[in-house]
Amino acid sequence: MNLYTFLQNLINGLSLGSLYALIAIGYTMVYGILRLINFAHGDVFMMAVYFAFFLVTLGKVPWLISFVIAILAAALLGFTIDRVAYKPIRNAPRVSALITAIGVSFFLESFAVVVFSGIPRSFRNIYPKFLNNMLILGGHEEVKYGRNVIVGGLRIPIVSFVILIVTAIALVILWWIIYKTKIGMAMRAVSVDIPTTSLMGVNVDGVIGFTFALGSALAAIGGLLWATRYPQLWPYMGFMPGLKAFIAAVFGGIGSIQGAVVGGFLLGLTEIMLVGFFPKMAGYRDAFAFLILILILSVKPEGLLGKRSVVKV
Amino acid sequence: MRAMNEILKLDHVTMQFGGLTAVNDFNNHVREGEILGLIGPNGAGKTTVFNVVTGVYYPTKGKVLFNGLDITSLKPHHITHVGISRTFQNIRLFQDMTVLDNVMVAQHHEIATKDAEKYLVKIGKSKYGANSTWFWRSVFKLGYLRREKEMKDKALNILEKLGLRKLAAEKASSLPYGEQRLLEIARALATDAKLLLLDEPAAGMNPSESQQLVQLIKWIRDEFKVTIFIIEHDMKVVMGLCERILVMDYGVLIAEGTPDEIQENKKVIEAYLGEEWSHVAE
Amino acid sequence: MPMKLSNRTNFILTVALVFFVWLLLFFINGHMNTYMIRIVSLIGIYGVMAVSLTLINGITGIFSLGHSGFIALGAYTSALLTMSIHQKEVTFILDKVAWPFNSVQLPFLPATIIGGIVAAVFSFLIGWPSLRLSGDYLAIATLGFSEIIRILALNLRSITNGALGLKSIPQYTNVWWSWTWLLITVLFVGSLVNSSFGRALKAIREDRVAAASMGINIFKHQLLSFVIGGFFAGISGSLYAHWLTTIDPRTTSIGVMLTFNVLIMIVIGGLGSISGAIIGAGLFAILTEWLRFLEEPMKIFSFEFSGIAGLRMLVFSAMFVMVMIFWPRGIMGRKELTWNTLYSKLRRGSGESNE
């Protein structure tokens, strides 16, 4: 592996990592408040992409506006899921909540199969073509097959840069919401202690709903960027990225937003580097993420930036 | 002198959580056959002492000895095998199981836990020959039903003695509060413990109930030939029950003595600042 | 106070029930069409899956989401053992089939048992690290392991034939095989649950700290439950493979979706009840077949609707979420359908009618 391919893998890894990070934030925020793994989070990601797809193809809405509407729709969907499925069982055992989350995920996937059909669709014609062009740096020209081609050098799809920039902007906005606004303060308070916060007169259900909406919006941004990078749509597209983002959240320390970001970037990077260094292992890419998860959980279950809790007896 | 045997010894035990020292250099012992009280204001580190003894926490410093055997590093289930059992401050029954099953669970380790053998042999307590064949024998019911009946009889006997027999078929969660506390004691006794750690058994009881409890605990000590180490907030219970009392404050052992000595002790009165103390001392 | 039946009466009634069920199976096998016979076999297979998962999730309270991994292990192992050597040579196009499968062909029964043992060995290896975790971490870790098994199945081409999967597996599973295995599973798991070990497993589910203070080695007992559950999951996998006659690692048929399906069965039946698990399995098999009409073309007020694929699962998942919200204890809760409960119900019923 030369310097060029290393740099190329680095940037691809960072862009994949930022997608994981965007999705992982939703998991970590919900887990931080409700101690619930929201299995349906990956499916909100999928729904957002389908929304945008149909707005552009059927609704003939310009792509940028469709994307914004899809993000808002995903936020509404996240909020609705909490209200309909999770709020009624807030005080039930945690296992019931987890099973319900699995059920909601299953429901959204079946819904997508029925309404959007299970046949994979292409996202290619939805967004401007230039995003998939390669940025080529360095390398040298050679004549091959009677044409001039650039061999070697650094090849990075433009969308990788776009992903990094959009993620950066989204993270700044998130930081602003959580640390500079009143609702952000309420979110932080709820994640520490729900009963006390509700005694302070904070509308806890409202805050939880907002958290779901915010997390879902970030997942939608992640999803739309994901579909631009890997432009194939199908009802189960959210499952694997969702699981991996959850792994990233655990990796970084579940409940911690900084942890989710760090975990996302680390997971994306290691995954791309693994395939870069050992191309034969490409088929095991998904298994690798789970191995990381199991390793982390057995060695440092609180994750990189999480806090260790002492068992109370 | 038999009565002076130290059944449990805490040898300079210190327990720290991060920067917080919950128990600081606790150095004392429990004598065989006595009823020893551990008192102190909330957050003094009393339950932490129990948690260190029962293997929930591994102490930062110091050793725990049971009948001279170093049990510091044993896991909670091993602690039960060697003969220490406990109740919990916030009741921890198997809520969805019957009263009878709650007590029968306590005898399971006698047939199921091979690795307890070496400790059991060491203290001469092994009798059922716990080994892995019991698993197959219980599934295929080979000589198991006889064993099951023995367990059931023993459990019913204990329930009878504590006056819970008529409730044997009820769900543990359906019991009134006081009886749930009693069931926790029954369950602890069923493990064949020699040392019983009771964590605030009178909490939530009214004065007449707690007076009955005092009599009951004394009776249990004599009937089951156990030693009792008790944490309690109710001073009437402590003074009426304990032969010796240890007082903790901020993780430190500040006093030791008979109930009379403790009531006179200046340090103790200061530690309590008269709150619960004043009305007992009158 | 409800009257209790003697052990002897209980035993006789149980034998009579088994005898009656077998007569019924005999009738179904002789007089029903192939389609019905297949559904009845499927109920038995689902029953084994559900009872094995309920031992892990419902009785012991380990929230495992790795069941499909053990089912897949049993399915692959047994199928590779029962397929003829010639058939395997034809099927494996990408790579040659590895030893020992290239030279062995076994009858169905030993192949199934070996499938169960392989699944049990893996559940031991997976349980060892996973059971040190608790709650939802454990759920994700076991889910991860089952995905790793599926990914290995996609990649280890000389053993699993990779993404092409296995085809032309002999169709050995019939009502006798599946219901005999269901009977064995229920007797084994039921006997375990009704012993001191079962009490210990339930105690762990109720309160881990208290269970440890009762002298129960939590890790060992959880591992025991996990391995037994894994063994029977492997058995069910073998039955399933020889019922489907194909295994496709790409589709969701042996992936996480299968785990979710089994989870639906045991939740609807009542998490923690063996009889509930069987009822749930039966309901699931019958409802999924019955709801097939939703996906067929239909005519409403002379409007023709073409069939909609996936509508079944949509209805099912919606029902599942509703059950969780409005009826979280399912049909049986943690209770078992026993002769005693039936008897006391009957007595109460007749007592009321006498008044």
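The values are calculated or read from the model by the stated rules, or taken from the named source; none is laboratory data. What you see is a predicted model; the values in this text were computed from it and never measured. Note that each Cβ is placed from the backbone with ideal geometry, even for glycine, and that neighbours are counted across all protein chains shown. Each accessible area value is taken on the protein alone, full model and side chains, heavy atoms only, with ligands, DNA and RNA left out. Shrake-Rupley method; radii C 1.70, N 1.55, O 1.52, S 1.80 Å.
General observations
- Of the residues A:V95, A:V113, the single one that is open to solvent by 20 Å² or more (accessible area, probe 1.4 Å) and free of Cβ contacts under 8 Å to residues at least 60 places away in the same chain is A:V95.
- Residue in the stretch B:227-244 that is in contact (Cβ under 8 Å) with a residue 60 or more places away in the chain, surrounded by 15 or more Cβ atoms within 10 Å (Cβ to Cβ), aromatic (F, W, Y) and touching a strand residue (DSSP E or B) at 6+ places or on another chain (Cβ under 6 Å) present: yes
- Residue within the stretch C:135-142 that is outside any helix (DSSP H, G or I), at the interface with chain A (Cβ under 9 Å from one of its Cβ atoms) and surrounded by 15 or more Cβ atoms within 10 Å (Cβ to Cβ) present: no
- Highlighted here are the helices (runs of 4 or more DSSP H) found entirely within the stretch A:158-224 that include at least 2 residues which are hydroxyl-bearing (S, T, Y): A:158-180, A:194-199.
- Qualifying residue in the stretch C:180-196 (condition: more than 14 Å from chain B (Cβ to nearest Cβ) and β-branched (V, I, T)): yes
- Residue check, A:F265 in contact (Cβ under 8 Å) with a residue 40 or more places away in the chain, assigned to a helix (DSSP H, G or I), surrounded by 16 or more Cβ atoms within 10 Å (Cβ to Cβ) and within 11 Å of chain C (Cβ to nearest Cβ): no
- Some residue of the stretch B:71-80 being within 30 Å of B:W134 (Cβ to Cβ), within 14 Å of chain C (Cβ to nearest Cβ) and touching a residue at least 60 places away in the same chain (Cβ under 8 Å): yes
- From the list C:I93, C:I59, the one residue that fits, being surrounded by 15 or more Cβ atoms within 10 Å (Cβ to Cβ) and among the β-branched types (V, I, T), is C:I59.
- Residue list for the stretch A:240-262, filter: assigned to a loop (DSSP other than H, G, I, E, B) and within 23 Å of A:I169 (Cβ to Cβ): A:S256
- Breaking point among (1) farther than 25 Å from C:L23 by Cα; (2) touching a Ser or Thr at 6+ places or on another chain (Cβ under 7 Å); (3) open to solvent by 10 Å² or more (accessible area, probe 1.4 Å), for C:L201: (3)
- Between C:Y172, C:Y240, the distinction of being open to solvent by 10 Å² or more (accessible area, probe 1.4 Å), away from every other protein chain (no Cβ under 11 Å) and outside any helix (DSSP H, G or I) belongs to C:Y172 only.
- Where a residue in the stretch C:187-199 is farther than 20 Å from B:T191 by Cα and its partner, wherever it lies, is of a type in the set (D, E) and modelled with pLDDT under 95, with Cβ under 8 Å and at least six apart: none
- Residue within the stretch A:153-166 that is over 19 Å from A:G17 (Cβ atoms) and either under 20 Å from the mean Cα position of the chain (by Cα) or small (G, A, S) (or both) present: yes
- Options B:K194, B:K125, B:K141, B:K225; residue that is within 14 Å of chain C (Cβ to nearest Cβ), at pLDDT below 95 and at positive phi: B:K141
Condition check ((1) within 14 Å of chain A (Cβ to nearest Cβ); (2) at pLDDT 90 or above; (3) open to solvent by 30 Å² or more (accessible area, probe 1.4 Å)) across all residues:
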{"position": "C:S275", "(1), (2), (3)": "no, yes, no"}
{"position": "C:F305", "(1), (2), (3)": "yes, no, yes"}
{"position": "C:L314", "(1), (2), (3)": "yes, no, no"}
{"position": "C:M319", "(1), (2), (3)": "yes, no, yes"}
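- Residue in the stretch B:151-163 that is among the polar types (S, T, N, Q), open to solvent by 20 Å² or more (accessible area, probe 1.4 Å) and within 20 Å of C:D207 (Cα to Cα) present: no
- Counted residues, the stretch B:235-255 - those being in a strand (DSSP E or B) and over 22 Å from B:A202 (Cβ atoms): 3
- Lone unmet requirement of (1) closer than 15 Å to C:T185 by Cα; (2) within 14 Å of chain B (Cβ to nearest Cβ); (3) in contact with a Phe, Trp or Tyr (Cβ under 8 Å, 6 or more places away or on another chain) for C:S225: (3)
- Any hit, the stretch A:2-16, residues being assigned to a helix (DSSP H, G or I) and within 19 Å of A:F210 (Cα to Cα): no
- Single unsatisfied condition, B:G19 versus (1) within 14 Å of chain C (Cβ to nearest Cβ); (2) open to solvent by 10 Å² or more (accessible area, probe 1.4 Å): (1)
- Residue in the stretch A:71-80 that is outside any helix (DSSP H, G or I) and surrounded by 15 or more Cβ atoms within 10 Å (Cβ to Cβ) present: no
- Close pairs (8 angstrom Cβ cut-off, 6 or more residues apart or separate chains): more than 9 Å from chain A (Cβ to nearest Cβ) in the stretch B:47-59, open to solvent by less than 10 Å² (accessible area, probe 1.4 Å) and in a helix (DSSP H, G or I) anywhere: B:V53/B:I79; B:G55/B:I79; B:Y58/B:V52; B:P59/B:V52
- Restricting B:T47, B:T21 to residues that are at pLDDT below 95, closer than 22 Å to B:E243 by Cα and outside any loop (DSSP other than H, G, I, E, B) narrows the list to B:T47.
- On inspection, B:R31 fails the criterion of being open to solvent by 10 Å² or more (accessible area, probe 1.4 Å) and facing chain C (nearest Cβ under 8 Å).
- Test: residue in the stretch C:321-333 that is surrounded by 16 or more Cβ atoms within 10 Å (Cβ to Cβ), in a helix (DSSP H, G or I), modelled with pLDDT under 85 and within 13 Å of chain A (Cβ to nearest Cβ): no
- Residue ranges of helices (runs of 4 or more DSSP H) in the stretch B:124-232 with at least 3 members of a type in the set (V, I, T), under 21 Å from the mean Cα position of the chain (by Cα) and over 30 Å from C:I228 (Cα atoms): B:207-224
- Contacts under 7 angstrom Cβ, first residue in the stretch A:222-249 being over 20 Å from A:V162 (Cα atoms) and within 14 Å of chain C (Cβ to nearest Cβ), partner acidic (D, E) and buried (at least 22 other Cβ atoms within 10 Å of the Cβ), 6 or more apart: A:P235/A:E109; A:Y236/A:E109; A:G238/A:D43
- Subset tally (residues that are surrounded by 11 or more Cβ atoms within 10 Å (Cβ to Cβ) and either in contact with a helix residue (DSSP H, G or I) (Cβ under 7 Å, 6 or more places away or on another chain) or farther than 29 Å from A:Q232 by Cβ (or both)) for the stretch A:129-138: 5
- When restricted to residues that are of a type in the set (S, T, Y) and modelled with pLDDT under 90, the stretch A:5-30 contains 1.
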